[in-house]
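What follows is a single structure, written as structure tokens, with notes after it.
The values are calculated or read from the model by the stated rules, or taken from the named source; none is laboratory data. Note that the structure is predicted; figures quoted are calculated from it, not measured. Heads up, the Cβs are rebuilt from the backbone with ideal geometry, glycines too, and the neighbour counts pull from every protein chain shown. We work out accessible area using only protein heavy atoms, side chains counted, and drop any ligands, DNA or RNA first. Shrake-Rupley method; radii C 1.70, N 1.55, O 1.52, S 1.80 Å.
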Amino acid sequence: MKKWESVFFRSDELRLHAARHPGRGDRPMVVVPGITTPAGAFAVTGARLTEIGSDVYVLDMRGRGLSERAPYGAHRSGDYADDVLALVSELGLDRPLLVGHSLGARVVAAARARYPGASSGVVAIDPPMSGPGRRPYPMTLDRFLSGLHGARAGHGAQQAEKDYPTWTEEEVRLRGEWLASCDETAVVDSYAWFHLEAFEPVWREVEPPALLLYGDRSPVVTAADAALLREVNPRADVVAVADSGHMVPWDNLDQTATEIAGFASRLGASA
């Protein structure tokens, strides 16, 4: 797998980082991973997406990987969306496709809703459906923090192998290497906003083209949740990814990439 290149940019006072994977497609792509997935841990999927994007930029969200940390209270979806828009603006990207997984799905949806002209479309993969009046996020904060502390103690790869037995050796290694770089404040604050913010009002405002992918076995986005999101925004496509839990890009990368490629090809036809 070819090594990615580092790109640094500024979002207000923060110096942030993205991993650039040079691609072979027709348009740039900006990818935002989940709450404890730095860009380096997303490298296998990032490399696969180079078949679709002309350049694939995987964001190290504030407080992850090589990006600077932010204070408590600065980790709402809108804060991260500002970072995505800063990346697009500072690098002069021409209406990239936005792709996000988990927390990243909330982020790219917020960026698309806030400034639709900055992107050509959005793919949201298994966004957290927790929020006011809804069931809690299925993974506890203690589990996130236990994994983070274990990675800092040097046990990240062993824990990833236990938690994700179907992952490849490379995916396990990258998870183990990069998890320790996550700032605890960023994780705790982001997790709190999982329950203080609702996703549905944002998804309602997302302009098409838009695609929602969810794992057919995911506890985060259930079939009932998917039906609700279809109702909330009937202009968006909603597709189940087979044999997948919440970690959709790892559980079924082939279908994930195929669905994104098909979506991107339709953008090319209409752009």
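In the set (1) open to solvent by 10 Å² or more (accessible area, probe 1.4 Å); (2) in contact (Cβ under 8 Å) with a residue 12 or more places away in the chain; (3) more than 21 Å from L212 (Cβ to Cβ); (4) part of a helix (DSSP H, G or I), D142 fails one condition alone, (2).
Restricting to segment 244-256, name every residue that is out of contact with any Asp or Glu (no Cβ under 7 Å at 6 or more places or on another chain) and of a type outside the set (V, I, T).
At the first step, the residues of segment 244-256 found to be out of contact with any Asp or Glu (no Cβ under 7 Å at 6 or more places or on another chain) are 247, 249, 253-256.
Matches in segment 244-256: M247, P249, L253, D254, Q255.
For H246, work out the one condition from (1) modelled with pLDDT of 95 or more; (2) closer than 20 Å to G53 by Cβ it doesn't fulfil. Evaluating H246 over (1) modelled with pLDDT of 95 or more; (2) closer than 20 Å to G53 by Cβ leaves (2) as the failure. Closer than 20 Å to V172 by Cβ, without any contact (Cβ under 8 Å) to a residue 24 or more places away in the chain and either crowded, with 16+ Cβ neighbours inside 10 Å or under 12 Å from the mean Cα position of the chain (by Cα) (or both): which single residue out of G65, G150, G40, G154 fits that description? That would be G150, the only listed residue that is closer than 20 Å to V172 by Cβ, without any contact (Cβ under 8 Å) to a residue 24 or more places away in the chain and either crowded, with 16+ Cβ neighbours inside 10 Å or under 12 Å from the mean Cα position of the chain (by Cα) (or both).
Would you point out the residue of segment 243-263, among those that are of a type in the set (V, I, T) and in contact (Cβ under 8 Å) with a residue 12 or more places away in the chain, that is nearest to L97 (Cα to Cα)? Restricting to residues being of a type in the set (V, I, T) and in contact (Cβ under 8 Å) with a residue 12 or more places away in the chain, the top hit is I260. S54 meets each of the listed conditions (1) open to solvent by 10 Å² or more (accessible area, probe 1.4 Å); (2) modelled with pLDDT of 95 or more apart from (2). The number of residues in segment 106-138 being aliphatic (A, V, I, L, M) and free of Cβ contacts under 8 Å to residues at least 60 places away in the same chain comes to 2.
The number of residues in segment 58-85 being within 15 Å of A19 (Cα to Cα) and of a type in the set (A, V, I, L, M) comes to 5. Restricting segment 97-117 to residues that are under 15 Å from the mean Cα position of the chain (by Cα) and more than 19 Å from A226 (Cβ to Cβ) leaves a set whose member that is surrounded by the most Cβ atoms within 10 Å (Cβ to Cβ) is V107.
Residues in segment 222-248 that are touching a Leu at 6+ places or on another chain (Cβ under 8 Å) and within 18 Å of T168 (Cβ to Cβ) were compared, and the one that is surrounded by the most Cβ atoms within 10 Å (Cβ to Cβ) is V248. Take D251 and tell me if it is within 28 Å of D142 (Cα to Cα) and open to solvent by 50 Å² or more (accessible area, probe 1.4 Å). Considered against the rule, which asks whether it is within 28 Å of D142 (Cα to Cα) and open to solvent by 50 Å² or more (accessible area, probe 1.4 Å), D251 comes out as yes. Restricting attention to segment 212-221 and to residues that are in contact with a helix residue (DSSP H, G or I) (Cβ under 7 Å, 6 or more places away or on another chain) and closer than 16 Å to A109 by Cα, the residue that is surrounded by the most Cβ atoms within 10 Å (Cβ to Cβ) turns out to be L213.
Within segment 1-18, can one find any residue that is within 21 Å of L253 (Cβ to Cβ) and surrounded by 24 or more Cβ atoms within 10 Å (Cβ to Cβ)? Working first, answer last.
Taking segment 1-18 and keeping what is within 21 Å of L253 (Cβ to Cβ), we get 1-4, 18.
With surrounded by 24 or more Cβ atoms within 10 Å (Cβ to Cβ) added as a condition, the list becomes 18.
There is at least one residue in segment 1-18 that is within 21 Å of L253 (Cβ to Cβ) and surrounded by 24 or more Cβ atoms within 10 Å (Cβ to Cβ).
When the residues of segment 151-176 are filtered to those that are of a type in the set (A, V, I, L, M) and in a helix (DSSP H, G or I), the one that is nearest to V44 (Cα to Cα) is L174. Of all the criteria given as (1) small (G, A, S); (2) surrounded by fewer than 24 Cβ atoms within 10 Å (Cβ to Cβ); (3) out of contact with any helix residue (DSSP H, G or I) (no Cβ under 7 Å at 6 or more places or on another chain), the one not satisfied by G78 is (3).
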